[in-house]
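So the structure is just underneath, and the comments pick up after that.
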Amino acid sequence: MDDLVLVYDKDTPEAGQFALNLYDHAKKWIGFSVQEPKPTERTSFTVNGASMGIIITKDVFKSEFVTDALELMVAAKKPCLLIHHIAGKTNVEDEIMQCENDDYLRYIRKAQTCIYTFDLADQCQDHMITLLEFKSADSKKELQKQAVLRLEETRADVLLFSSRVAKGRLNAAVHRRYDFCLTCAVEDPPVAEDVLNKVYDIMSRYAPALQVARNQGDKAVTNVQQRTANIRDSFNLVVFATRNCFATDENGKGSAVVEEVKAALESELQVCIIQHLSQCPDIDAEIEISNAKMCGSGRAKLVMLHLDAKKTCIA
């Protein structure tokens, strides 16, 4: 019996490839066994793992392979984990609502969700391990010990590299006050602002050498002039993207965030867009609809992260 059996939509090549990539990465963890996916075989899934993982892609619960597996999983009362393939531009809650069977729906809603991206595969894998049931409790404890060591190494790296960034700012030919300027759209409720403040707190704690400005979430910044000054006095602009944050009005005038991105590119800043998945699952569509073409330029980088102000998991 394996620790994890992956269930996915076999009619979606993207889902099958994701399962294979996850399996290949999991092989690096000694003591963690994942059943080898066979996406090209048109056979039903075997529900014989200590835990079952459903890979969330578009219309996953409309797949006959998935619904057949769900029937067996519900009957066997198998522990289940929803593995969110964040590059698939899907919203987990929207996909769950497509499940038409009430018994399956109740079962799925009890499952925990793990965000997974191969940009941060080690961190995602460690988080996933904490959510799974294992055939051997000792194996899970050992893997969790290894995860703690990796986390300590990551924090040490963050401290080291942030110090180098700060040193680069001090030695730069162009004098600027801040390494990063954080911004987001003004919303009610302030979803993006809550996340921005959380990231600011994390940076302050684990990268104290960095100088970070906030264009939102800081009561001291009250007008456009101050926000523009913060941007021009920074080397990097970080935008927390939510739904309609790049929207333009009927006259073509951009939102405050769009104007901030324009100011950043005019001042030759690097622009990083952090995607809030639950609010904005398809960032490309948001940018295209808004005609915020500057966000797709070579200077702008997209980081697909799931950021929840109520949780510590950032994947």
Subset of the range 25-48 (residues that are part of a loop (DSSP other than H, G, I, E, B) and closer than 21 Å to P79 by Cβ): W29, G31, F32, S33, Q35, E36, P37, S44, F45, T46, V47, N48
Can you tell me which residue in the range 1-24 is nearest to the chain's Cα centre (by Cα), limited to those that are assigned to a loop (DSSP other than H, G, I, E, B) and surrounded by fewer than 23 Cβ atoms within 10 Å (Cβ to Cβ)? T12
Turns out the helices (runs of 4 or more DSSP H) fully within the range 49-118 with at least 3 residues that are out of contact with any helix residue (DSSP H, G or I) (no Cβ under 9 Å at 6 or more places or on another chain) and surrounded by fewer than 18 Cβ atoms within 10 Å (Cβ to Cβ) are 64-76
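Quick note: the coordinates plus some simple rules give every number you see, no bench work behind them. In this text, all values refer to a predicted model and were calculated from it rather than measured experimentally. In this analysis, Cβ positions are derived from the backbone assuming ideal geometry, glycine residues included, and neighbour counts consider all displayed protein chains.
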